[in-house]
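Derivation of every value follows stated rules applied to the coordinates shown; laboratory data play no part. As the structure is a computational prediction, the values presented were derived from the model and not from experiment. Here the Cβ positions follow ideal geometry from the backbone for every residue, glycine too, while neighbour counts run over all protein chains shown.
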Amino acid sequence: MPLSFSTEKKPLSVYSLAGLADVVLLLLIFFLLTSNFIPQFGIQVNLPQAESSAPMESTYLNVAITAEGRFYVEQQPVTRENLLTEVQAVKGERTVLVLRADKEATVGQFAEVANVGRALGMRLSMATERASLRPR
């Protein structure tokens, strides 16, 4: 009995796209979930624009100055007189002080925060918003 290796079946010309649709859906879900992990800061300030900006880390100590001249240390309101003691109280092991100052804040207010950081031996970093990412 001779063996016949020929087949009379036609090659499959229609492909199922169900597997591809599953992969695309999973990629879409992944990108939607990971895009929302941009750190949000509770105090509303209009940051100045810059062409580049560094990512914020949770190991930084945040100080905010609003347009009205109010100071916030780690999102807690602080008076100008208590700024040094409050920063010192929450500093811990952190070595970088991130200033989130509104565009309307004065240079004097910026200098006060810079002096506090320098007195505590901290590096000062200014938070800015990337010019191309700002909503219009």
* Structure fact -> Exposure-ranked with fewest Cβ neighbours within 10 Å first, Lys103, Lys9, Lys91 stand as Lys9, Lys103, Lys91
* Asked: Which FRET efficiency, nearest 0.05, do Thr128 and Gln76 yield, Cβ-Cβ r, R0 25 Å?
  -> 0.65
* Any idea how far apart Val96 and Ala114 come out in nm if each label point goes 7 Å out from Cα toward Cβ? -> 1.9 nm
